[in-house]
Amino acid sequence: MDSIKIKEYKKGDSSLNLVTGHLKAVGTGVKYFVKPQRITLKYPEESLSLPTGYRGMIRLYKDVCIGCTLCAMVCPADAMKMATDQGKKFPTINYGRCVFCGFCVDICPVDALKETGVHDAAFSSRRELFFSPDKFNQDFDQPPVELLVKKVKAVIDEEKGIKYVPDTD
Amino acid sequence: MTDQAEELMKSGGMEIDVIPVSGELNVGPQHPGSGHLRIYVRLNGDIIEEAQVEPGYVHRAVEKLGENRNYIHLIPLVERPAILDSIHMNLGYIMAVEKILGVDVPDRAQYLRSFAAEISRIASHLYGMGILAIFIGHSTGFMWGFGDREVWVQILEALTGARITNSYVIPGGVRRDLTPTIVEMTRKAVTYMRRKIKDWENIFLNNPNVKARLQDVGIMTREQAIEWGAVGPNLRGSGVYYDVRKVEPYAAYSRLDFEIPVYKEGDGYARTLVRFEEIQQSLNILEQIIRDIPEGQILSDRFFKQIPPTRLKKWWEGQRRVVMPGYYASFRPPKGEAVTRVEAGRGELLYYVVSDGSAKPYRLRMITPSYRSIYVMQNLLKGVRYADLVSIYGSLDYFPPEADR
Amino acid sequence: MQKPIDVLSQALQSKKIPVKVESEGRASIEVEKKDLVQVAKVLKDLGFDHVKAVTGIDYPDQGRIQVVYHVSSYSDVNLAKVIVALKTWTNYKELEVPSLMEVWKSAWTGERETYEMLGVKFSGNPDMKRLFLPEDFEGVYPLRKSYKIKTEGLFVDRPS
Amino acid sequence: MMNLLFDLRYYVLYPSFFNSVIYPGLIFTAILLLTTIWFERKAAARVQMRVGPYYASKRLGGFMQLIADAVKFVFSEVIIPEGVNPTLFALAPVLAVAMSFIPLSIIPVSVIPPSGSVFSIYFRDFYDPNIGMGVLTGLFVQYNMLLILAIESMYPVFVIFVAWVTNNRFAIVGAVRESYLSVSYDVLLIMATLSMSLEYHTLDLAKIAQSGIPGILANPVAAIVFFIAMLMGSARFPFEIAEAETELVLGAYTEYSGFLFVLTMAGSYVGNLVYALVFTDMFLWGWYPLSGFPGALLTGLKASIVVFFSVFLRAVYGRYRIDQALRGGWKYLLPLTFVSLFIGLVVGYIWIP
C-alpha cells in the first residue's frame, strides 16, 4: 500500500486573492464568450452517424433462424418471445420492452439476428412496437432523408472536446 | 433553537438573538432542487432544525426482481439504478457471480474493465459536479459538467455500443475489445480534459463565490464519517484513507499506479476537491492502461472454447468482439455466496449474492453508495442554513435512483 | 507480518466466538440472537467501525429469516481488507432482532429497509418505520419469498 | 396638414411624453428588455458550450424566440391558487412593474441645447439652472437623485406584497430574503449616491453628467459599491438570492404563471435598467459630450452595456447565501462607502469646481 497522504486546502483567502479570483472567473467567462466552444449538434439538419457496432434496433433473418429459443431465454427484459409460424419457431420482439443490450445478437448461434444501428425509429401506437416474425424479418424503414440532412460524425478534439465533421461514407 | 444552530450563528459572525420563527417546508419530490426525493424540513428562521430524508420515489425493486431472473438477466437490471455509472454497477455484480462460478478473468479483460470503469468514474464525477454547480446556482458548471461528460460518453459508445446502459462486463470477461480508434480517442480526450480542467479551476473551483458556498458547509468530521458509514469521495473528503481500489484491488488496479486524494476538512469544498483530483488521477490511469494493456483474450478460456468456431472467426477475428456461448442463457452456479465491493463513482458499492444452485440468485443484495449517503445526509442537514441544504445535497453527490434501487 | 484475517480469527477465538474464515478478506460469524449485541461490541473493540450492509434472507421452508450484518473498518487500514458477515437467525414466530444501532450508527438504513421489506423488527432502533415503501403500501412484506411476482414464459402462443 | 404634423411632432416629442413612453420609457424598455433576455441566454450559451435560442429565427440568432416566448406566456392560463384574494393576486405584479417603470421618467438622459436639436423648442420648459441648459427628462426635478432612489426603494415593498398575497411558504421565505437584502443594498446605494453628490456639489444627475468629469475616475470606490448594490437590487447573479430557483422554486413569484409571471420577471429587469441609467449618468459621463437626441442614444447605449454586463455575470457566478450577501454588504461594502464619502469630499474640494 502507498503512503497515506492527507491533504489540506488553504482556507480564508486574502483580499488580493479574492480580487484575482473574481477577475479570473470573469476573465474565463469572457474568454469563452469571445471564443465559444460549442458542442451542440443541430439535430434535424445534422444527423450523427453512429460508430460501428452500435447496439441499435435488431432485425431477424428468418431463413437463417433455427428456432433454438436461446435469444428468448437470454432476453433480460422479456421483450423477445418465440412464436410459431408454419410449424417453426421464430422470435418476436416487443420494442416497448427492449433495452438494447444486444445479448440476443451475441448469443444467437447462427447469427440470425443483427444489430442495425437504427436508433431513431418512431411508432405511433404501442401495438406497432410489437414485431411479429415477418415484420421482424424486414429492414427498417429509414426515416426519409431530406437533402438538408447532413451526416456528421463526432470526433474527439484536443481543443474543443467534440467536433462534428462531415461523414464521408 | 438547537445548540448547533446557536453555534452556527456565532461562527457566522452574527451574535444576535434570533427570534424563533418556525415553519415547515416540503422540499420535493416536485421541487427544482430535490431530485426524486422528498426532504421534510423544519425551519427555525433560516436554520434547519430537523430534516427528514424520505427516499423511495424511484424504487424499482432491483433486489426482488433479482430473485426472479436468471443471472444473465440481471446484467442490464443492476446497471439501471445508476446508468451514469453503469460500468461499476455491472462490474461489482459480475465479480460476485464470477466468485461463485469460480472463473478467472484474463489479463486483457481486467485492464479493459479498469479502462471502462475509469471512464465511467470521470463521467460520473463530471455529472456530480454539474449537479452541485446548478444547485448553488452556477449554471456554467452545470453545462460544462454535462458537456465534458459527453466526450467520455462518446468513448464508451465506441467501446461498448451504447451510450450509458453499457452492459459491457459479462461473467468471464468483457464483450468487446479495444480498437486503435478508441485508443486515439482516449488519448485526445485526456489531453482535452487536462486543458479544460484549468478553466474549470478558474471559473468554478477557485471562484470566490463557489468557495463561499462550499467551504465550512456541511462539515463531517473523521469520526462522524466513520460512524455514519459515509462512502467514496465524501469519506475521503473527511480525512479517511479508504478506497476499494487500494484496499482490495480488483480488475487491474493492483498493477496501476495512482494516488487516492484525501482531504482533511470534511466540508463540501473538500469533497468537491476530492472528486476533482480523482478525475485527474483517472486521466493518469487511462494513460497507463492504453500504454500497458497486454495482448490476449478478453474472455475466460472456459467460455471462449464454447463459442462455435464459425462465429469465433466472424466476430473475434473480424470485429474483435466476443459473442456469448449458449451456456450463458441459463447457467446454474454452485451453491454458495459472495460479497464483492468495488469503488464506484460515488463510493463503495457492495454486492451480496447468495446462490442456492438454481439459475436464479436466492438473494441479491445491492448496497449502492447513495444508499449509504441517506443517513449521512440526514445527519448533516441538522442545524444548517436553509440555503446550505442544496450545497450539502450536491456536495454529497446523492443520486436518488441509485439510493432507491 | 501476520495477515489481518489471522489476527482477527485468533482474537475472536480467544473470546470463544466461532469464526469461519472463508478467504483472505472474508469471514463470517454465526451467533444466536441473544449474543448479537455482545459479539458486535467485541467486533467494534477490535476495530470494526461501520456496517456496510444489513441483509435479511427469507427461508420459508425453515420458517425463519437470516439477518446478516456485513461489517468492516475504515479507521484501520489493515482491517479494512476484511469484511465480516455477522449472521443471526430469527423465527417467523418472533420476528425481532436486537438493533445494532447502539454499536454502529451506520446500521440505520439497512435495519429500516430490512424491517419494511421483510418484517423483521429491530428492537432499539429509534426509527422503526418505512423508508422506501409508501406509507400506505399494503400486502405482505415484498422481499419475503411468499410475495410472488408475475413472470412470463418464453412463448407467445403458450403462455405459462 | 403640415400644421397637424407639426402639432403631432410637438406632442410626441414633448419630453414628458417622449421620455416616459417612447425613450427610455415603455417602448424602448420593452425592446431592451427582450434584447437583454435574449443576450443573457445567448451569452450564457456561448460560455456554456451551447447555442442558445436558435430555431425561432435563424438569421437573427434566435431573437424571435423571446417574442415567441412572450406570446406563449400571454396566451397561457393564469392559475390563481386556492385561498388567495384574486384581485390582489392579479394586481400585485402589475403594481410592482408600474413601480419599477416610474423612475424612467425622471432620469435625465440628455441635455437640450437652446437651438439645433429637435427638442430645442422645449428648452425653456425644461431649463435647468444648474447647467444652464434644458434637460431631456420626463419630469424635471432639481433633486432627481433623491427622487429616483426614493421611488426605486419602494420596489421591494411590492415584491414583498407579491409574495404576501400568494400565500405560499417558498414565496414568504423569498420575501423575507428580499426584505433583508433591500435594507442592505439601499443603504449602499444611498451612500454611494451621497458621496457623488458631495463630490459634485449637487443632487442633480444632469449636472454630474454635464460636468464632463467621469465619476468612475473621480470616485472609483463609489462606482464599485454602486455596481454591486445594483446587482443586489435587481436580483442579478451572484445575488439572485431571493429567487434562488433550487432553494425556493422562484421565491416570491412561485405561484405566478402566464402573463402575470412575465410581469414579475419584467420588474427586476426594468429595475436593472433604471440603476444602469443612473450609473451611466453618475459614473460614465452620461450623454457627454453629445446633446439632444444623439446624447440620449449614447446614454441608452452605455446603460445597455452596463445591463448586458450585469446579466452576463450569470455565466460566471453561482449565488451567495443570504447571510454572506448581508455580511458582504454591511461588513465590507458599508465601510467602503465611508471611504468613498471621504474621497468624494476631498476630490470634490480639490478637483471639481
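The values are calculated or read from the model by the stated rules, or taken from the named source; none is laboratory data. Keep in mind the model is a prediction, meaning the values are calculated, not measured. Please note: Cβ atoms are built from the backbone with ideal geometry, for glycine as well, and neighbour counts cover all protein chains shown. Each accessible area value is taken on the protein alone, full model and side chains, heavy atoms only, with ligands, DNA and RNA left out. Shrake-Rupley method; radii C 1.70, N 1.55, O 1.52, S 1.80 Å.
Alpha-carbon geometry of chain B: the Rg and the Dmax are 22.3, 82 Å, given in that order. With a cap of 13 neighbouring Cβ atoms within 10 Å, and only residues DSSP puts in a loop, list the GluC sites (Glu not before Pro) found in the range A:1-64. Sites meeting the loop and neighbour criteria: A:E8, A:E45. Accessible area ranking (1.4 Å probe, heavy atoms, ligands and nucleic acids excluded), largest first, for D:W351, D:W38: D:W351, D:W38. In chain A, the longest principal axis of the Cα atoms and the axis of helix A:15-34 are about 50 degrees apart. Peptide D:308-317 is shielded by partner chain Cβ atoms: per residue, an average of 6 of them sit within 10 Å of its Cβ.
Scanning chain A for cysteines with no neighbouring cysteine C-beta under 4.7 angstrom from their C-beta gives A:C65, A:C68, A:C75, A:C98, A:C101, A:C108.
Label sites at D:N167 and C:D6, each approximated as a point 7 angstrom past Cα along Cα to Cβ, lie 7.6 nm apart. What longest range of chain A stays clear of loop-exposed chymotrypsin sites (Phe, Trp or Tyr not before Pro) (DSSP non-H/G/I/E/B, at most 15 other C-beta within 10 angstrom)? Between exposed loop sites, the widest span is A:62-122. When the Cα positions of D:F259, D:S76, D:A325 are compared along the charge dipole of the range D:75-350, D:A325 comes out farthest toward the positive end, with charges on each C-beta of Lys, Arg, Asp and Glu.
Quick one: ranking D:L60, B:L350 by accessible area, 1.4 Å probe, largest first, what do you get?
D:L60, B:L350
Largest first, the extents of the alpha carbon coordinates of chain C on the three principal axes equal 64, 39, 28 Å.
Excluding the site residues themselves, the longest part of chain A lacking any trypsin sites (Lys or Arg not before Pro) in a DSSP loop with at most 11 other Cβ atoms within 10 Å is A:12-125. Of all beta bridges that DSSP places with both ends in the protein assembly as shown, some 85 percent have antiparallel geometry. Zone of D:Y14 (label point 7 Å along Cα→Cβ, backbone N under 18 Å): which residues in the range D:126-140? D:126-127, D:135-140, by backbone N distance to the label point. Counting every pair of alpha carbons in chain D, the share spaced more than 30 Å apart comes to 39 percent.
With 10 Å bins beginning at zero, the pair-distance distribution over Cα atoms of the protein assembly as shown amounts to 2, 9, 17, 20, 18, 14, 9, 6, 3, 1, 0, 0 %.
Between B:L132, B:L286, B:L25, the residue with the greatest mean-square fluctuation in the GNM of chain B (Cα pairs under 10 Å linked by springs) is B:L25. Using only Cα atoms, what Kirkwood radius does the range A:40-169 have, in angstroms? By the Kirkwood definition, the hydrodynamic radius is 16.4 Å. Screening chain B for DSSP H helices whose Cα atoms reach 18 Å or more along their own axis and whose mean Kyte hydropathy is at least -1.0 gives B:86-101, B:107-135, B:139-160, B:180-200, B:268-292.
Between A and D, buried accessible area from a 1.4 angstrom probe totals roughly 1500 Å², ignoring ligands, DNA and RNA. Here B:E259 and A:V34 are evaluated by their C-beta separation; at R0 = 41 Å the FRET efficiency comes out at 0.65. Which of rounded, prolate, oblate describes the range B:315-380, given a ≥ b ≥ c as roots of the alpha-carbon gyration tensor eigenvalues and a/c under 1.5 marking rounded, otherwise prolate only if a/b is larger than b/c? Verdict is oblate for the range B:315-380.
Restriction of the trypsin sites (Lys or Arg not before Pro) in the range B:115-215 to DSSP coil positions whose beta-carbon has at most 10 other beta-carbons within 10 angstrom yields no sites. Stretching the chain fully between D:Y127 and D:Y55 yields a gain of 21.0 nm (0.36 nm per residue, less the alpha carbon separation).
Computed with a 1.4 Å probe over protein heavy atoms only, the accessible area of A:C104 comes to about 10 Å².
Calculated mean residue ellipticity, 222 nm, chain B: -14000 deg cm²/dmol, from DSSP H runs (n ≥ 4) at -39500 (n - 2.57) each, averaged per residue and rounded to 500. Centroid-to-centroid, using Cα positions, the range D:52-81 and the range A:112-130 are 34 Å apart. With a 10 Å cut-off around each Cβ of D:41-53, the average count of Cβ atoms from other chains is 6. Spread over its residues, the convex hull of the C-alpha atoms of the range D:127-247 is 109 Å³ per residue. Length gained on full extension, D:I305 to D:A68: 82.9 nm, using 0.36 nm per residue less the C-alpha separation. Scanning chain B for GluC sites (Glu not before Pro) in DSSP loops with at most 14 neighbouring Cβ atoms within 10 Å leaves B:16-294 as the longest stretch between them. Calculate log10 I(q)/I(0) of the range C:33-115 for q = 0.22 Å⁻¹, where I(q) comes from the Debye formula with a single equal point scatterer on each Cα and nothing for solvent. Ignoring solvent entirely, the Cα scatterers give -1.01. With a 10 Å cut-off around each Cβ of B:383-392, the average count of Cβ atoms from other chains is 4. Relative contact order of chain D, taken over Cα pairs closer than 8 Å and 6 or more residues apart, is 23 percent. Taken along the Cα-to-beta-carbon direction at a fixed 7 Å, the label points for A:T84 and D:I79 span 5.4 nm.
Using the Cβ-Cβ distance between C:K44 and D:L88 with R0 set to 41 Å, the FRET efficiency from 1/(1 + (r/R0)^6) comes to roughly 0.10. Which FRET efficiency value, to the nearest 0.05, do you get for B:Q306 and C:K33 by plugging their Cβ-Cβ distance into 1/(1 + (r/R0)^6) with R0 = 56 Å? Once rounded, the FRET efficiency stands at 0.75.
Among the GluC sites (Glu not before Pro) in the range D:14-107, those located in a DSSP loop and surrounded by at most 11 other Cβ atoms within 10 Å of their own Cβ are D:E77, D:E82.
Cα-Cα over 24 Å: which of B:K335/C:K121; C:K34/C:K121; B:K360/C:K41; B:K264/C:K81; A:K24/B:K196? Before the final figure, lay out each step's value.
On the way: B:K335/C:K121 29 Å; C:K34/C:K121 14 Å; B:K360/C:K41 36 Å; B:K264/C:K81 22 Å; A:K24/B:K196 15 Å.
B:K335/C:K121; B:K360/C:K41, as the Cα separations exceed 24 Å there.
Straight-line cross-link partners of D:K302 among the lysines, defined as a Cα under 21 Å from its Cα and at least 8 positions apart when in the same chain: D:K42, D:K207.
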